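In what follows, a structure is listed as structure tokens, so that the remarks can point back to it.
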Amino acid sequence: MPEDASSTQSQSGTSRDGGQGTSSQAGAAQFGREAGARGEFVRQANRFTGRITADGSSGLPAEPGRYRLVWSKACPWAHRSVIVRRLLGLEDAISLATVDPIRDERGWRFTLDPDGRDPVLGIEFLAEAYHATDPGFQGRVTVPCLVDERSGQVVTNDYPQITLDFSTQWKAFHRPDAPDLYPQDLRAEIDEVADLVFHDVNNGVYKCGFATSQEAYEAAYDRLFARLDWLEDRLRGQRYLCGDRLTEADVRLFTTLVRFDAVYHGHFKCNRNKLTEMPVLWAYARDLFQTPGFGETVDFDQIKRHYYATHHKINPTGVVPKGPDPSGWAEPSGRG
Ligand SMILES: N[C@@H](CCC(=O)N[C@@H](CS)C(=O)NCC(=O)O)C(=O)O
């Protein structure tokens with residue numbers, strides 16, 4: 001299930017923040033190396049694609065107490081893995097490290113932990129694990145990733161595969177009543193919907209926010225809202241994206257929707273309308289928010305502080321907006 005068309009891109013020479021891009025627009029880009037020739041955002045590839053497998057055939061067996069999931073509460077890609085881990089009851093099997101939502105010039109930091117060090121991995125910066133795995137790595141150090149606690153090396157930062165493997169490779173450690181988020185009979189449909197949602201919505205908001213030309217921004221904006229209209233329509237007659245069962249596709253859409261009004265509407269200029277102005281999608285998002293495993297993993301304060309305070313090219317003052325009022329998320333959804 002390849003999620004990102006850029007996954008075959010080379011990593012070489014990719015800088016963390018505002019590096020030398022090939023585009024004439026790159027000077028204005030948030031991540032210069034990820035700017036295309038027409039001012040469009042071209043997301044870097046996932047550097048580490050190791051697999052943890054049920055039968056251990058990859059050399060990395062699914063084994064409780066061995067792997068550490070590193071996330072930022074701000075990050076929609078990392079947020080997926082934490083929701084899926086919780087839905088499946090993998091909290092005791094896979095430990096969790098949380099980075100500070102504010103990166104400095106060295107990237108993600110463990111400054112929320114005592115002495116600024118992850119207590120299990122013993123590192124201060126996530127970059128240390130990346131460089132222990134690939135000393136030549138020059139790209140952006142990203143979450144989520146899974147680190148092998150034995151070697152301190154990164155197994156994977158391939159976020160779409162991480163959640164699918166939680167569902168399929170860690171079955172022996174799921175809680176007894178765990179949902180099947182990637183059932184065999186729905187896989188083709190889940191893959192198809194998730195692919196559309198990835199390009200137009202999950203990554204679509206970033207393509208709006210990180211565009212450095214009017215043309216690239218408007219193209220991304222049009223695709224985003226056309227897809228949200230399509231989703232509004234699709235969800236009118238069914239509770240979840242693939243029918244009456246909660247699946248991986250819903251988790252992936254949720255982490256973008258929950259950030260929409262708080263950051264994407266203003267910070268990324270996705271402002272045709274707010275999520276709260278799309279009645280079906282808004283009710284769908286609230287339904288998920290109120291499902292155990294979702295709402296309690298959402299931290300609006302960290303989400304807002306990360307986006308507004310670390311994207312200096314987009315928000316040079318670093319001022320974080322006070323609103324919007326999140327209390328509406330608790331209102332009954334009328335679904336289900
Ligand atoms: N691994 C993916 C997606 C994950 C991702 O973008 N995570 C963001 C947070 S939402 C991150 O870690 N960014 C680090 C940075 O911007 O320096 C990528 O390389 O694009």
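The values are calculated or read from the model by the stated rules, or taken from the named source; none is laboratory data. Keep in mind that this is a model prediction, so the values were computed, not measured. All Cβ positions, even for glycine, are placed from backbone atoms using ideal geometry, and neighbour counts span all protein chains on display.
For segment 53-105, residues that are more than 25 Å from A249 (Cβ to Cβ), within 13 Å of the ligand (Cβ to nearest atom) and part of a loop (DSSP other than H, G, I, E, B) total 6. Pairing each residue of segment 280-296 that is surrounded by fewer than 17 Cβ atoms within 10 Å (Cβ to Cβ) with any residue that is in a helix (DSSP H, G or I), provided the two are 6+ apart or on different chains, yields C-beta distances under 6 Å for V280/E232; G295/F289.
Tallying residues that are part of a loop (DSSP other than H, G, I, E, B) and either touching a helix residue (DSSP H, G or I) at 6+ places or on another chain (Cβ under 7 Å) or over 24 Å from A249 (Cβ atoms) (or both) within segment 291-336 yields 23.
Are any residues in segment 139-160 more than 14 Å from the ligand (Cβ to nearest atom) and farther than 23 Å from D104 by Cα, and if so, which ones? Selection gives D148, E149, R150, S151.
The sole residue among V201, V120 that is in a helix (DSSP H, G or I), touching a Lys or Arg at 6+ places or on another chain (Cβ under 7 Å) and of a type in the set (V, I, T) is V201.
Contact map, segment 300-319: first residue of a type in the set (A, V, I, L, M), second residue in a helix (DSSP H, G or I) and crowded, with 17+ Cβ neighbours inside 10 Å, Cβ cut-off under 6 Å, separation 6 or more or different chains; pairs are I303/R259; I303/A262.
Figure legend. Inter-residue proximity from segment 28-40: first residues farther than 13 Å from G209 by Cβ, second residues within 12 Å of the ligand (Cβ to nearest atom) and part of a loop (DSSP other than H, G, I, E, B), beta-carbon distance below 6 Å, spacing 6+ or different chains. Indicated pairs: G32/G18; G32/G19; R33/T14; R33/S15; R33/G19; G36/V42.
Residues checked against (1) at pLDDT 95 or above; (2) assigned by TED's automatic domain parsing to the domain that holds A78; (3) touching a helix residue (DSSP H, G or I) at 6+ places or on another chain (Cβ under 6 Å):
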{"position": "G107", "(1), (2), (3)": "yes, yes, yes"}
{"position": "L112", "(1), (2), (3)": "yes, yes, no"}
{"position": "L121", "(1), (2), (3)": "yes, yes, no"}
{"position": "E124", "(1), (2), (3)": "yes, yes, yes"}
{"position": "A129", "(1), (2), (3)": "yes, yes, no"}
{"position": "A132", "(1), (2), (3)": "yes, yes, no"}
{"position": "P135", "(1), (2), (3)": "yes, yes, no"}
{"position": "Q138", "(1), (2), (3)": "no, yes, no"}
{"position": "V143", "(1), (2), (3)": "yes, yes, yes"}
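Every test in (1) in contact with a helix residue (DSSP H, G or I) (Cβ under 6 Å, 6 or more places away or on another chain); (2) among the charged types (D, E, K, R); (3) assigned to a helix (DSSP H, G or I) is passed by E218 save one, and that test is (1).
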